[in-house]
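The values are calculated or read from the model by the stated rules, or taken from the named source; none is laboratory data. Computed from a predicted structure; not experimentally measured. Every residue, glycine as well, gets a Cβ built from its backbone with ideal geometry; the counts of neighbours run over all protein chains shown. Ligands, DNA and RNA are stripped out before the accessible areas are found, and what is left, the full protein with its side chains, is counted by its heavy atoms. Shrake-Rupley method; radii C 1.70, N 1.55, O 1.52, S 1.80 Å.
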Amino acid sequence: MTPAQILRNGLSDQNPGLVQLLGLCPLLAVSTSLGSGLGLGLATVAVLATSNCAAALVGRHLPREIRIAVFVLLIASLVTAVELALAAWVPGLHAALGIFLPLIVTNCLLLARAEAFASRQPLTHALLDGLAMGAGFLAVLLLLGGLRELLGRGSLGGDLHTLLGSGTPLGWHVFGEQHGFLLAILPPGAFILLGLLLALRQARRARRPLPAPGAMDTAPPAAP
């Protein structure tokens, strides 16, 4: 698999959030705002890239019986390191993400990429796959979080100061809080918006032209 194919798979063709539908629990629960989505997305990218690298280095040397257990232990160690770093350097974001930060360990995406791809690939391909899949997951978090914050609170990026450690509120108030649509920031709104994004992607794919018929389909029949 070429680097271009790995990038396309992570960002589009096999996007974790819109195609594989992995990690929906944190995706739907944390994406109440742009800042929370960005924070969880960056943490997931960091853990996914490093866990893929670790799986590529040790995966071939592990017996089949203990390989998944070792991968889970590696992922848990990396998530703990990221959680402690956020608690020390960005306490506001750490508090906003809450229990969903340590629950990155249970994200099926990380274990799936470590077992199905990274452990069977060279280090560079494993790292690129982790970055691509993480970036695809981050993009869905940003899109869903931005939409929910915009519709529910009338602002965009209103809590980015918790991520940047700034005491001054950032972001843009587009409509004002009095015009917020409460359903958008509640759990049903997350399901509805994700369903609309899935439907939009499927509609876009349905409009693509069908591939041209192959040479075997257009070749004249052989003479008897």
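With an 8 Å cut-off on Cα pairs and a minimum separation of 6 or more residues, tell me the relative contact order of the chain in percent.
For the chain, the relative contact order is 30 percent.
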Quiz item: Rounded, prolate or oblate: which fits the range 1-118 when a ≥ b ≥ c are the square roots of the eigenvalues of the alpha-carbon gyration tensor, with rounded for a/c under 1.5 and prolate only if a/b beats b/c?
Solution: oblate
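How much FRET efficiency would the formula 1/(1 + (r/R0)^6) give for Ala116 and Leu182, where r is the Cβ-Cβ distance and R0 is 30 Å, rounded to 0.05?
Working: r = 40 Å, r/R0 = 1.33.
Step by step, r from the Cβ atoms, then E = 0.15.
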Quiz item: If ligands, DNA and RNA are left out, what is the accessible area of Glu65 with a 1.4 Å probe, given in Å² to the nearest 10?
Solution: 150 Å²
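Full-extension gain between Gln5 and Ala199, please, as 0.36 nm times their residue separation minus the C-alpha to C-alpha distance. Could the numbers behind the result be given before it?
Working: separation 194, 0.36 × 194 = 69.84 nm, distance 2.42 nm.
Using 0.36 nm per residue and subtracting the Cα-Cα distance, I get 67.4 nm.
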Quiz item: Could you give the radius of gyration (one decimal) and Dmax (whole number) of the Cα atoms in the chain, in Å?
Solution: 20.7, 84
Quiz item: Using a Förster distance of 35 Å, how high is the FRET efficiency between Ala85 and Val58, based on the Cβ-Cβ distance and rounded to 0.05?
Solution: 0.90
Practice problem: Send over a whole-number figure in Å² for the accessible area per residue of the chain, probe 1.4 Å. | Solution: 54 Å²
Self-check item: Segment Arg207-Thr124, length gained on full extension (0.36 nm per residue, minus Cα span)
Solution: 26.4 nm
Quiz prompt | Cα centroid of the range 75-106 to Cα centroid of the range 37-55, whole Å | solution = 11 Å
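State which helices in the chain qualify, where a helix is a whole DSSP H run, it must extend 30 Å or more along its own axis by its Cα atoms, and its mean Kyte-Doolittle hydropathy must be at least -1.0.
Working: long enough: 34-58 (36 Å, 1.62); 64-89 (38 Å, 1.71); 123-153 (43 Å, 1.27).
For the chain, where a helix must reach 30 Å along its axis and average at least -1.0, the hits are 34-58, 64-89, 123-153.
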Quiz prompt | Rounded if a/c under 1.5, otherwise prolate or oblate - the range 30-98, Cα gyration tensor axes | solution = prolate
Quiz item: Rounded to a whole number, what % of the accessible area of the range 6-115 do carbon and sulfur atoms account for, probe 1.4 Å?
Solution: 71 percent
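Quote to one decimal, in nm, the extra length available between Leu103 and Ser77 on full extension: 0.36 nm per residue of separation minus the C-alpha distance between them.
Details: separation 26, 0.36 × 26 = 9.36 nm, distance 1.23 nm.
Gain on stretching Leu103 to Ser77: 8.1 nm.
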